[in-house]
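What follows draws every value from the coordinates through simple rules; no lab data is involved. All of these numbers come straight from a predicted model, not from anything done at the bench. Neighbour counts are summed over all protein chains in view; Cβ atoms, including those assigned to glycine, are modelled from backbone coordinates with ideal geometry.
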Amino acid sequence: MQFGTRDKFNYCECSKCGCLQLVNPPNDMSEYYPKNYFSFQKQKISSLKESLNIFRDKHVLGKKNLIGNILYKIYGAPTYTNWLINADVNFKSEILDVGCGAGELLYRMGNAGFKNAMGIDLFIDNNIHYKNDVHILKKSLFEIDSQFDFVMMHHSLEHMQDQHKVFKKIYSILKPKKNLLIRIPICSSFAWKNYRENWFALEAPRHFFIHSEKSIELLAEKHGFKIKSISYDSRNIQFWASIQYQKDIPLMDEKSYFINPKSSIFSDKEIKEFEKETKLLNENGGADLAVIYLERID
């Protein structure tokens with residue numbers, strides 16, 4: 001329903017842990033990752049804004065400066081900096097972002113001063129080499145042999161077919177006592193229970209697995225990890241996009257709030273209410289997107 005193909009797929013739901021698994025994945029997944037897929041797009045910003053972002057990011061990450069301090073006091077810390085601070089990394093840390101798309105996050109990290117951050121994505125057309133020496137390679141996780149201080153998987157784990165194989169591989173490339181960050185949709189959420197097959201984050205057939213907190217815990221324990229923390233970062237799209245799907249309105253449709261907010265089926269009041277409900281779910285643990293830190297143990 002994201003692109004409106006309306007293809008149908010079947011999922012099974014584990015009776016023990018609640019994890020959802022795609023039963024009938026397509027033989028060729030590439031057609032479900034068109035060029036206008038989210039993660040392949042790089043946001044266009046002005047050179048001035050990019051420069052100001054650099055000052056603020058460096059300040060938050062430890063390279064204190066006056067301009068960055070002023071921007072931090074006005075706008076707060078960029079979300080991604082908290083991911084890095086919580087993982088206890090520094091500008092010299094070796095970092096891998098798995099399934100990074102065009103590498104927009106890594107590009108910003110490179111501008112901030114991270115010199116050993118790289119990304120991989122199997123579905124990009126070609127390798128990407130940015131001017132700040134950040135490199136995005138057209139490779140799968142299983143082609144990587146180096147070891148890293150921090151591995152990130154921002155909404156990529158759910159796109160991988162063999163979860164046990166993935167965790168075993170990550171264990172082998174992550175240094176002992178170091179952190180794995182996964183951000184994933186969670187089926188133990190209000191949105192899944194309320195919208196079911198119309199839940200926006202189901203995203204069939206790109207999502208092979210959608211975990212619960214319990215299934216992630218079981219997977220982590222089996223492969224030498226422990227969960228350090230779980231928090232939530234859902235957005236109000238969990239409500240309005242799911243309701244659109246119920247009404248047969250794809251995300252990329254001209255009637256979609258994503259494409260034409262003013263001509264969508266939602267009022268400003270409804271969108272604000274969705275935002276309010278999302279904030280409460282993030283705070284109380286019922287949200288549909290989770291931020292999970294795992295530590296490799298020995």
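List of remarks:
- Of the trypsin sites (Lys or Arg not before Pro) found in region 32-111, those in coil by DSSP whose Cβ has at most 14 other Cβ atoms within 10 Å are Lys35, Lys42, Lys44, Lys63, Lys64, Lys92.
- A Cβ-based charge dipole, computed about the Cα centre of the chain with Lys and Arg at +1 and Asp and Glu at -1, lands at about 820 debye.
- Spin-label model distance (nm) - Asp7 vs Ile271, 7 Å beyond Cα toward Cβ: 3.1
- The charge dipole of region 73-224, taken about the Cα centre with unit charges on the Cβ atoms of Lys, Arg (+1) and Asp, Glu (-1), comes to about 260 debye, rounded to the nearest 20.
- Low-density loop cleavage sites - trypsin sites (Lys or Arg not before Pro) in region 226-298, where at most 12 other Cβ are within 10 Å (DSSP): Lys247
- Counting DSSP beta bridges with both ends in region 48-137, the antiparallel % (nearest 5): 20
- Volume per residue that the Cα convex hull of region 84-211 spans, once the total is divided by residue count, Å³: 121
- Footprinting exposure proxy for Val166, Val98 (fewest neighbouring C-beta atoms within 10 Å first): Val166, Val98
- Restricting the calculation to Cα atoms, the chain shows an Rg/Rh of 0.95 when the hydrodynamic-style radius is the Kirkwood one.
- Protection proxy ranking of 286-292, 177-183, by the mean of other Cβ atoms within 10 Å over each peptide's residues and highest first, is 286-292, 177-183.
- Cα-based equivalent ellipsoid, region 78-122: semi-axes from gyration tensor eigenvalues, Å: 16, 11, 10
- Most to least packed among 142-148, 120-126 [average Cβ atoms within 10 Å]: 120-126, 142-148
- Cβ-based net charge around Ile292, under 13 Å, with every Lys or Arg adding one and every Asp or Glu removing one: -1
- 4 °C / 1.567 mPa s Stokes-Einstein diffusion coefficient of region 200-297, Kirkwood radius on C-alpha pairs, µm²/s: 85
- Contact order for region 86-144, expressed relative to its length and based on alpha carbon pairs under 8 Å spaced 6+ residues apart, stands at 33 percent.
- Mean projection area, nm², convex hull over Cα of region 33-111: 5.9
- Quick note on region 115-176: its Rg to Rh ratio, both from C-alpha atoms and Rh being the Kirkwood radius, is 0.96.
- Its relative contact order, with pairs defined as Cα atoms under 8 Å and 6+ residues apart, puts the chain at 20 percent.
- Inter-site label distance for Asp28 and Lys115 at 7 Å from Cα along Cβ, in nm: 4.5
- Most positive-pole-ward Cα, Gln246, Leu202, Ser212, against dipole of region 151-277 from beta carbon charges: Ser212
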